[in-house]
Amino acid sequence: DAKTTQPPSMDCAEGRAANLPCNHSTISGNEYVYWYRQIHSQGPQYIIHGLKNNETNEMASLIITEDRKSSTLILPHATLRDTAVYYCIVRVAGSNYQLIWGAGTKLIIKP
Amino acid sequence: GAGVSQSPRYKVAKRGQDVALRCDPISGHVSLFWYQQALGQGPEFLTYFQNEAQLDKSGLPSDRFFAERPEGSVSTLKIQRTQQEDSAVYLCASSLDREETQYFGPGTRLLVL
């Protein structure tokens, strides 16, 4: 079973920041939070991951709460090409290579 | 550099046919994974290779499913006597090592009629 909970869908206006929430209340201390996205008819694309500190790369920022029970993926300036299903995944470090996927959030960017 | 590639991208099979799906991982990636994705759902783990060794095949749904990676690079997922319930997208991913980030190919969409 997926260890994360995400809203099934969200809308965001083009050019605005898209904030995608994820709850992982049963996360353990050594479990990473990974984000992937899947654009229609394509394979999943890695976005970002983190353990406890906030992370930023060229695609997005990941904000993890201090208690690590939830996180938010931020796309700072959403474009129409960011329309996709976004998956938040909790992965055990060092012992579990399987990615357990939930249903994800369908993000629709509107012009 | 080149990402993970998969072929064919689309495959239509008649029920009972055997199919073979190919995955070319990123060069130098030791770990290779196969996932199955049903329509509207997230991917589900099928099997994992470390080099040529298949270390986990717990997700293979039946003994009709068979995967190999004989030289530790290209992998093939074979499905014998296909059934309609095998219709799905089959995704391959590779990573530098099993704990590292997995990078996915575009998938093979299999339709069994």
Taking springs between alpha-carbon atoms closer than 10 angstrom, which of A:Ala78, A:Ala60, A:Ala13 fluctuates most in the Gaussian network model of chain A? A:Ala13
Could you work out the percent of alpha carbon pairs in the stretch B:1-105 separated by over 24 Å, rounded to a whole number? 17
Among B:Lys57, B:Lys14, B:Lys78, which one moves the most in a GNM of chain B with springs linking Cα atoms closer than 10 Å? B:Lys14
If you line up the Cα atoms of chain A on their principal axes, what length do they span on each, largest first, in Å? 42, 29, 23
In nm, spacing of pseudo-spin labels at A:Met10 and B:Ser87 (7 Å Cα→C-beta vector): 3.3
Taking Cα pairs under 8 Å and at least six residues apart, what relative contact order does chain B come out at, in percent? 37
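Every number here is computed from the coordinates shown, using simple stated rules; none is lab data. Quick caveat, the model's predicted, so the values are computed rather than measured. FYI the Cβ positions are ideal-geometry reconstructions off the backbone, even for glycines, and counts take in every protein chain you see.
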